[in-house]
1. Taking θ = phi - 60°, what integer Hz values does the Karplus form 6.51 cos²θ - 1.76 cosθ + 1.60 yield along segment 168-180, in sequence order, with x for Gly and Pro?
2. If the viscosity is 0.692 mPa s and the temperature 37 °C, what Stokes-Einstein diffusion coefficient in µm²/s follows for segment 78-265 when Rh is the Kirkwood radius over Cα pairs?
3. Using the structure shown, list the pairs from Lys11/Lys261; Lys145/Lys261; Lys11/Lys147; Lys85/Lys261 with a Cα-Cα distance above 26 Å, or answer none.
4. Let me know the charge dipole size of the chain about its Cα centre in debye, to the nearest 20, where only the beta-carbon of Lys, Arg (+1) and Asp, Glu (-1) is charged.
5. Which shape class applies to segment 4-67: rounded if a/c is under 1.5, otherwise prolate when a/b exceeds b/c and oblate if not, where a ≥ b ≥ c are the square roots of the Cα gyration tensor eigenvalues?
6. For the charge dipole of the chain, defined by +1 on Lys and Arg C-beta atoms and -1 on Asp and Glu C-beta atoms about the Cα centroid, which residue among Ile88, Thr216, Leu63 has the Cα displaced farthest towards the positive pole?
7. Return the calculated 222 nm mean residue ellipticity for the chain, to the nearest 500 deg cm²/dmol, obtained by summing -39500 (n - 2.57) across DSSP H runs with n ≥ 4 and dividing by the residue count.
8. So how much slack lies between Tyr202 and Asn70, counting 0.36 nm per residue of separation and subtracting their Cα-Cα distance, in nm?
Amino acid sequence: MDDSADFVLLKRHVEQLLKIQCSNYKEDYIKRRFLSRMRSTNTTNYSDYLKYLKSHPQETEPLRNALTINVTEFFRDKEVWDEVKNVILPSLFAQKKRISIWCAGSSTGEEPYTLAILLHDALVNHKDWSGIITATDIDEVVLAKAKAGIFEEKSIQKLPTVQVQRHFTKRPDGLYEVKPHLRELLRFRPHDLMSGVPPVRYVDLITCRNVTIYFTEKQKDDLTRMFHSALVSDGYYIMGKTEYLGRQVEDLFTPKNTAQKIFMKREKPLQPKTP
Ligand SMILES: C[S@@+](CC[C@H](N)C(=O)[O-])C[C@H]1O[C@@H](n2cnc3c(N)ncnc32)[C@H](O)[C@@H]1O
């Protein structure tokens, strides 16, 4: 049976509902994501799933999550990276010469390489400064892609030309490969954020952005506690723009920039005053 007309109808509805452009993704990817939601909702074809989606508003978020599962980009939410460059890195290097960064849920690498670009720019005029970024993800397929450090032109097209020339080599096949000076700052490791054990300790900065959409409130709180234990005193934690600290754990951190979701570890959590 040719279901391409039903697929187009479903795609159009989803674009309007979620305000996303399905054409940003490969068609095969979209189809696989729809199929995974069809399995979870016991619907058997695109037309049935469209009916289900229209009659079950609670299906909207799982579908959004299924479609955006590994989505990432260089300098995603530019303002937060301005803060990393202008405030966080200078404040860390004012205290020590070597820093450690953990990029948790690093997907295909755009976020850890963004950090590497900023770190490299900070190190370039200070020969006695150094740093290491540990990038982790549960999904070994995206991790391998991140480690390869090879990106399509559309991934880097928002970067200023000077940044592209400085940090990437254009290959004969038209892809862009990160230069060794960025690779040297990074190591990639598989890691499940629900394991309860951090892959690194004494970290100065943790970024964990747009990762916890599937986590329960308890899992998010446990994760916040794990990040708190992995950070040095006064270490920074950056969340995604739409994420928040749960009530149970918010006292573990001091907000540093509320709009950009930047927090600092509080060594002694606030205690409720005893009478
Ligand atoms: C939407 S991407 C976010 C990428 C990047 N942090 C950003 O904000 O652009 C979410 C990533 O989190 C990873 N992830 C989901 N659950 C995870 C878990 N339990 N442990 C580690 N990584 C996880 C996914 O594999 C995916 O690559």
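1. For segment 168-180, the Karplus-derived couplings read 10, 10, 7, 8, x, 7, x, 7, 10, 10, 5, 7, x Hz, x marking Gly and Pro.
2. On the way: Rh = 17.0 Å.
For these conditions, the coefficient is 193 µm²/s.
3. Lys11/Lys261; Lys145/Lys261; Lys11/Lys147
4. 480
5. rounded
6. Result: Ile88, furthest along the dipole toward the positive end.
7. On the way: 12 runs with 112 residues, N = 275.
The per-residue figure over the chain is -11500 deg cm²/dmol.
8. That works out to 44.8 nm of additional length.
Only the coordinates and a few stated rules stand behind these numbers; no lab work does. Predicted model, so just to flag it, every value in this text is computed and none were measured. So basically every Cβ, Gly included, is an ideal-geometry build from the backbone, and we count neighbours across all protein chains shown.
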